[in-house]
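The values are calculated or read from the model by the stated rules, or taken from the named source; none is laboratory data. On a predicted model such as this, the values are computed, not experimentally measured, just so you know. Positions of Cβ are generated from backbone atoms using ideal geometry, with glycine treated the same way; all protein chains shown enter the neighbour counts.
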Amino acid sequence: MKTILISGAGGFLGGEIVRQLLRENEFKVIAVSSKKELFINEKKDSTNLKVLHNDNWKSDLGSDLKIDAFVNCAFPRTSDPQELAKGLIFTENIIKDVLSLNVKK
């Protein structure tokens, strides 16, 4: 069973990708979201789902987990320049972190 890491999993696109992957029942999904509690309540019945918060996803991930692919759907929907800048920094950091975990796709 392949493990897919999805950032922005609480948004429209990320949430839909999570739903479709879980429906297939052939994937383990690690959902990274700033809306962790809301996301957990919606998807609490899935045994193939692990939900992590944006702020500490890497430390909560666990060292024994192999991630096969990463899908980034995270980005703030705002016109506030400071929030956009934070979104770009988050994107840069999560990509660096994923690369450091040897995720190839």
Test residue 33 against the criterion of being over 21 Å from residue 12 (Cα atoms) and at pLDDT 85 or above, and give yes or no. no
Name the single residue, out of those in region 64-103 being small (Gly, Ala, Ser) and under 21 Å from residue 35 (Cβ atoms), that is surrounded by the most Cβ atoms within 10 Å (Cβ to Cβ). 74
Given the residues 66, 96, which is the only one that is free of Cβ contacts under 8 Å to residues at least 24 places away in the same chain and not hydroxyl-bearing (Ser, Thr, Tyr)? 96
For region 11-28, state whether one or more residues are in contact with a Cys (Cβ under 7 Å, 6 or more places away or on another chain), surrounded by fewer than 18 Cβ atoms within 10 Å (Cβ to Cβ) and modelled with pLDDT of 85 or more. yes
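For (1) modelled with pLDDT under 90; (2) in a helix (DSSP H, G or I), each residue gets a yes or a no:
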| residue | (1), (2) |
| --- | --- |
| 57 | yes, yes |
| 77 | yes, no |
| 87 | yes, yes |
| 93 | no, yes |
| 96 | no, yes |
| 103 | yes, no |
